[in-house]
């Protein structure tokens with residue numbers, strides 16, 4: 001079911017919020033720091049392990065796309081998803097969402113899921129904990145302003161995390177989402193190779209990681225788009241339903257570690 005864009009009458013409110021964005025960002029970051037501080041107290045927000053897979057008893061697959069939105073490749077991906085009546089989850093960078101708000105609104109309007117992938121593609125374990133709240137909360141604020149509903153999932157850049165970061169996410173009531181199938185489109189330039197990577201590994205409950213951009217916004221994701229045009233009908237022919245991560249996790253999910261955590 002598609003989620004409507006904010007009505008035109010709210011544009012003035014959005015502009016006003018944008019004008020005061022630094023103040024709102026400061027408030028969000030302050031609250032996140034308080035959440036991080038609370039994590040040091042015993043008995044609060046027990047962290048869960050990363051989620052890599054959904055219920056293997058249902059023939060459902062969650063396609064996910066990282067690092068967007070991109071003004072060209074994301075709409076092409078969305079067009080294919082619509083063509084095959086598929087839904088997906090887009091883990092977006094906050095700075096890209098701020099740059100291309102109309103693409104985010106198109107995703108929301110079409111019923112796709114939009115979730116958090118940090119603001120600048122930060123490798124969290126290698127940075128001071130003081131930098132963590134701003135990276136997440138700035139993106140959360142951006143998604144709020146763009147009307148993204150119920151965003152509560154987070155995928156760390158490079159699939160990299162540590163126990164402290166899991167605790168931090170738990171305090172923010174965020175769930176850490178990894179993957180079980182790597183399309184390897186971040187290194188492959190051949191659409192057929194990307195297609196084979198996915199179709200040879202997919203199984204009921206798979207979470208597939210793909211990319212509609214990169215941290216610079218300059219990567220050519222044409223191979224990903226072309227591969228998706230092959231992957232979607234093949235999954236349909238095999239009887240799979242393409243759902244969002246949240247839909248996939250409507251049933252019990254496994255929290256096993258990803259087989260590899262080197263994908264951007």
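The residues listed here are 169, 235, 249, 146; of these, the one that is surrounded by 19 or more Cβ atoms within 10 Å (Cβ to Cβ) and touching a helix residue (DSSP H, G or I) at 6+ places or on another chain (Cβ under 7 Å) is 146. The set of residues in segment 166-225 being without any contact (Cβ under 8 Å) to a residue 60 or more places away in the chain and outside any loop (DSSP other than H, G, I, E, B) consists of 181, 191, 192, 193, 194, 195, 196, 197, 198, 199, 223.
Identification of helices (runs of 4 or more DSSP H) wholly contained in segment 8-103 with 3 or more residues that are at pLDDT below 50 and surrounded by fewer than 21 Cβ atoms within 10 Å (Cβ to Cβ) yields 11-19, 21-38. Could you go through segment 138-153 and let me know if any residue there is assigned to a helix (DSSP H, G or I) and farther than 24 Å from residue 71 by Cα. No, that holds for no residue. For residue 134, the criteria (1) surrounded by fewer than 18 Cβ atoms within 10 Å (Cβ to Cβ); (2) part of a helix (DSSP H, G or I); (3) in contact with a helix residue (DSSP H, G or I) (Cβ under 7 Å, 6 or more places away or on another chain) hold in every case but one, which is (1).
Every condition in (1) in contact (Cβ under 8 Å) with a residue 12 or more places away in the chain; (2) within 15 Å of residue 68 (Cβ to Cβ) is met by residue 229 except one, and the failing one is (2).
The values are calculated or read from the model by the stated rules, or taken from the named source; none is laboratory data. Here the structure is a predicted model, which is why all the values come from computation and not from measurement. Every residue, glycine among them, receives a Cβ derived from its backbone with ideal geometry; neighbour counts consider all protein chains shown.
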